[in-house]
Protein chains: 2
Amino acid sequence: MVAQAQRHSGHEHPRPRSAAVVDDIVGQLSDRGYRDTEPRRLVISAVAAQGRPFTAEELCASLPCVGRATVYRGLRLLVETDQVCRVLLEDRELRYQLSHQGHHHHLLCAVCGASADLEGCDVEDMLREAATAAGFRMSGHWLEVYGRCGECAEG
Amino acid sequence: MVAQAQRHSGHEHPRPRSAAVVDDIVGQLSDRGYRDTEPRRLVISAVAAQGRPFTAEELCASLPCVGRATVYRGLRLLVETDQVCRVLLEDRELRYQLSHQGHHHHLLCAVCGASADLEGCDVEDMLREAATAAGFRMSGHWLEVYGRCGECAEG
DNA sequence: ACAGAATTGATACCAAATATCATATGTACA
DNA sequence: TGTACATATGATATTTGGTATCAATTCTGT
């Protein structure tokens, strides 16, 4: 199994399981001592509802009832606790995205913004080997793959 | 040959061939209709003199005689024409670096900032394959590898 | 319910980068 | 070699994205 792709269409609505996702994340934050608050839930919920990588500003715009600072704080918290990961698109804009399970890589559609997770793709070993050959001790890596999703490639 | 590493020590001085590098880049810009100007040469020269990934502000600081706007414009031009590539360190700071030959990846030392190019590392094929399996048509990718260089790993 | 710490949000603030526009400078062409 | 004109420059203002402040509010454990 080289690649298991779990597709997140850029066109779909908030998932039905979104409430469960929010509960799950709130629970994980609780375990780390962070409180379960209304605004924080709103932020998490909005994050979970995004179908594609989003900017902090977009998130603010979608949460008119939550203060800017709180949105940014919530986002930062989610990134710090690895619930959300940053993705850098080719246009240099920094975006965010729910990280689904541990470390993985993204396939990003340059046209519609849809993303897919690339799992089980064993670049790590190859990179570690190459890094070692160059005298480095690898501690991590960041990989984004750009392209067109099936739908957008047809056009 | 898995990895040919061409090391750029973070501690070294501007290369002797720096003038030739500047001429080369200016020539390439000329071919595309961009003029050969004094401030632009200064920017290119400063870029070529950097031994490690640098921020736009650092570049400005090293060019007190060139206007900020001109530095930023020059940098953007170099990125657009693929003379310079952006690297995103783990601390989220966006930095820049001369791109040496075509597409390649970077090994970045998290301690001293030294970088090395990772050439001949065939992630591309693997990624293209995985992307195809996920229904994507890959058009590009971005990969950064973080770690510690030989010197810094010893400590 | 209570105490105390964490969180919120309005606002001010900051830094990085871009837009503006009059002036200066290359380049092509006569 | 000069000249015309588009391009580039740079001082400054502005925008943008994000953080610090701090009084008021809200959680959580007891």
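A few points about this structure:
- If only residues of the range B:63-76 that are within 11 Å of DNA strand C (Cβ to nearest atom) and crowded, with 18+ Cβ neighbours inside 10 Å are counted, the one that is nearest to the chain's Cα centre (by Cα) is B:Leu75.
- Top-ranked residue of the range A:125-155 - restricted to ones that are among the basic types (Lys, Arg) and within 7 Å of chain B (Cβ to nearest Cβ), ranked as nearest to A:Arg52 (Cα to Cα): A:Arg148
- Residues satisfying the criterion are absent from the range A:45-62 (criterion: open to solvent by less than 40 Å² (accessible area, probe 1.4 Å), over 30 Å from A:Leu107 (Cβ atoms) and not charged (D, E, K, R)).
- Matching residues, the range B:29-62, being of a type in the set (Lys, Arg) and more than 8 Å from DNA strand C (Cβ to nearest atom): B:Arg32, B:Arg40, B:Arg41, B:Arg52
- For A:Val66: the one exception among (1) aliphatic (A, V, I, L, M); (2) more than 12 Å from DNA strand D (Cβ to nearest atom); (3) within 14 Å of another protein chain (Cβ to nearest Cβ): (3)
- Among the residues of the range B:23-55, those identified as among the β-branched types (Val, Ile, Thr) and within 20 Å of the chain's Cα centre (by Cα) are B:Ile25, B:Val26, B:Val43, B:Ile44, B:Val47, B:Thr55.
The values are calculated or read from the model by the stated rules, or taken from the named source; none is laboratory data. Remember, it's a predicted structure, so these values are computed and weren't measured experimentally. Cβ atoms come from the backbone with ideal geometry, glycine included; neighbour counts cover every protein chain shown. Heads up: the accessible areas ignore ligands, DNA and RNA and are worked out on the full protein's heavy atoms, side chains in. Shrake-Rupley method; radii C 1.70, N 1.55, O 1.52, S 1.80 Å.
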